[in-house]
Amino acid sequence: MLKELFSDSVILSLLLHFYLMRDRLLLFAKLFGFWMLVMSVGRICFLVYNYDLSSSLSAGEITLSLMHGLKMDLSMTGYAMALTGLLLTLSVFVPGRWIVFCINSFTLLFLVTCVVIVIIDMELYRHWGFRMNTTPLFYMGSEAIGSIDVWVATKTLVIGIILFVLLSWLYFKLITPQLKNLRATEKKVAFILLPVTVLMFLFIRGSVSVAPMNTGFVYFHKTKMYANHAAINVVWNFFKSLSRTSHIEYPENFFDKSLTEKYFNELHPKQDSGFSILNTPKPNVILIIVESFTADVVEPLGGVPDICPRFNSLCSEGILFDNFYSSGDRTDKGIVSILSGYPAQPNSSIIKYPQKSQHLPFLNRSMMALGYKTSFTYGGDADFANFRSFLTASGFGNITDTDDFDSKLNTSKWGVHDGFMLKRALQEIDTAHAPYFKVILTQSSHEPFDVPMKPLLPNTSRVNQFLNSFHYTDSCLGAFIDVLKSKEDWKNTLVLITADHGHPYPGDKPLQSKERFHIPFLMLGGALSKDSVIHTIGNQTDIANTLLAQIAKADEAFVFSNDLFNANLKEHAVFYFTDGYGFVLPDKFLVYDNIGKQFIKKENTTLPDEELSKAYQQKLYGDFNKR
């Protein structure tokens, strides 16, 4: 029996089976390597073509651009190999020349597409300063074609032809012969090829964390944006922009243009920085942005008692703004509103469009100009929602995220819990050179609210879980402030605490509700000369100029930001949700629906109030379009 089992014919059959399986896997690997080479060649061509810009980079920086770019190259290669892998798997069941034809056709078509995108991007970048997306599609009229320089067109076309010919020759030389010689094999080989193909979706996503592939994954340089741009895979960037409508255009005729500037200027009068709340001219500044910090968990703001006892007590020690609102409903919008004084938008998030966000004003850069050392600390993934590209463009001297912590501390879905993150922030403060500007973003109060603390309330509902997570974050925040107070430098420290956005819990507040956007804004620290509760209506966008006006003077670059201590202030707040906005004035409130083109809520408002709100949105539309 054993002799028969291990006969020569059986052994030969096993060896043949392994060879046939190996044949397809080797072909898969060659195709994978080919597409990785195509992507790398495209990046090298970009660097060489823009040699004048590349010369500003050191050899090490160029090497890092190439290496960091591999992350996005893997994602793009994953897309190509997902289809190719399926065709190779089908070849097990349906042998024949049509499989060879399909793979060759797809390869050549996609190769042509890649080359065209690469050569157009090489030239456009010199003029636009950002990697190619779908924007050029909106300028493909006869006038645009006529404006193209003949020499430039000829040069890029020749480069494209050379690239295509060389890469096609390599493909037909190294891959096509093996593809044509594919032999029939046993069906079980498909059970090896299919999982390998499915693995490509991991490369496509770029990570196993909550953050899928985005341009922030390849950003690595703190000051040279060209180095970061060179790392971007332009083919990936172009196709991604197709899926997310990268070139979003807001209407320029939403409201009378002749009245827009007049009304907007009423909302943003000339800044008057005469009122001081500080007892030191240049304090250290710590800005803490708390995840989902709705006013409904703060007792002095009418919130649920005992959820945030530490913050409740801090409210009596500083200046509390009790009529303060977030600009949007997501962290990516809140960060921009706070750090760039720029409002959320109804159908976009400007942080997702680096070609626009890099042209925003940045509070961080204004602080740097005043001599501040800056840093950003976050327990989550800085690559999420393009945070890193925005923070890098902001010029932060140091960015700490989940990768900078011991892996043992990465115990939540979103990264490192607030207690550990705030301890790290204290360590960084101990070594910071004064004056410093430190921004801290928490994350533990984000769903799924799985905090490492005994629950205050029974975890029997999502609302209770949410409240328990805030009780945890509050305790961490209180401990953080306690340590700061014990330091000698507390007398020279100003702490600002606010939220990235509000939350529907508790109470399941509807999206159009102003209560959902009502958040705390607290100023405290030894650098304050007074404490008070201020009823002035304010927005996240106002933090930038309110702070700058105290340290130096308000900055006109922050067009949408008011100094909340300005004697000429026209109190208002605007918040945006999908396809609409809310507008808050003293004792007045309205909500506008962009789809229905009507006000869906009015409280004590008049026609001039409505026009003020429309002027604000038109100003935002026009500003967003031209960024």
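Nothing in this text is a laboratory measurement; each read-out follows from the coordinates by a stated rule. What you are looking at is a predicted structure, and each value in this text was computed from that prediction instead of being measured. Note: ideal-geometry Cβ built from the backbone for every residue, glycine included; neighbour counts use all protein chains shown.
Remarks
- Coupling constants for region 508-515 follow from the phi torsions by the Karplus curve (6.51 cos²θ - 1.76 cosθ + 1.60, θ = phi - 60°), and in residue order they are 6, 5, x, 4, 7, 7, 5, 4 Hz; glycine and proline get x.
- Close amide H contacts of PHE521 (hydrogens built in the peptide plane, cut-off under 5 Å, sequence separation of 5 or more or a different chain): PHE321.
- Label selected from [x] 1.08; [y] 1.04; [z] 0.96, the criterion being Rg/Rh (Cα atoms, Kirkwood Rh) as computed here: [y]
- Projected over every direction and averaged, the convex hull enclosing the alpha-carbon atoms of region 71-115 yields 3.2 nm².
- Estimated from helical segments only, the mean residue ellipticity of the chain at 222 nm is -15000 deg cm²/dmol, where each DSSP H run of four or more residues counts as -39500 (n - 2.57).
- Sequence ranges 86-93, 166-173, 540-547, ranked by mean other-Cβ count within 10 angstrom, highest first: 540-547, 86-93, 166-173
- Kirkwood Rh and Cα Rg combined as Rg/Rh, region 17-244: 1.01
- Calculated FRET value between VAL112 and SER313, using beta carbons and R₀ = 51 Å, to 0.05: 0.20
- Karplus (6.51, -1.76, 1.60) ³J(HN,Hα), θ = phi - 60°, over region 594-611, in Hz, Gly and Pro reported as x: 5, 6, x, 6, 7, 7, 9, 8, 9, 10, 6, 8, 10, 4, x, 5, 4, 5
- Lysine pairs with alpha-carbon atoms under 30 Å apart, region 17-244, spacing 8 or more or separate chains: 19
- Shown in residue order for region 164-175 are the 3J(HN,Hα) couplings computed by the Karplus curve 6.51 cos²θ - 1.76 cosθ + 1.60 at θ = phi - 60°: 5, 5, 5, 5, 5, 4, 4, 5, 5, 7, 9, 10 Hz (x for Gly and Pro).
- Here the scattering of region 187-230 is modelled by Debye summation over its C-alpha atoms, one equal scatterer each and no solvent; at q = 0.27, 0.32 Å⁻¹ the log10 of I(q)/I(0) is -0.90, -1.02.
- You can think of it this way: the chain between LEU90 and ASP482 has 134.7 nm of extra reach, that is 0.36 nm per residue less the Cα-Cα gap.
- Spatially proximal lysines relative to LYS491 (Cα-Cα < 27 Å; intrachain offsets below 8 disregarded): LYS282, LYS373, LYS423, LYS438, LYS530, LYS553
- 12 Å Cα-Cα reach of LYS601 towards aspartates and glutamates, excluding residues that sit fewer than 8 places from it in its own chain: ASP593, GLU610
- One Cα centroid belongs to region 80-115, the other to region 517-556; the line between them spans 60 Å.
- With N as its number of residues, region 425-516 has a Cα radius of gyration that, divided by 2.2 N^0.38 Å, comes to 1.32.
- Segments 200-206, 443-449, 323-329 sorted - mean Cβ within 10 Å per residue, highest first: 323-329, 443-449, 200-206
- Kirkwood Rh in Å, taken over region 272-567 so that all alpha-carbon pairs contribute: 19.0 Å
- Annotation: amide H-H contacts under 5 Å for THR400 (H modelled 1.01 Å from N, sequence separation of 5 or more, or interchain): PHE376, THR377, TYR378.
- Database remark: amide H of GLY526 closer than 5 angstrom to the amide H of THR493 (H placed geometrically; neighbours at sequence offset of 5 or more, or on other chains; Pro and chain starts carry no H).
- The mean sequence distance of close C-alpha pairs (under 8 Å, at least 6 residues apart), as a share of the length of region 17-244, puts its relative contact order at 42 percent.
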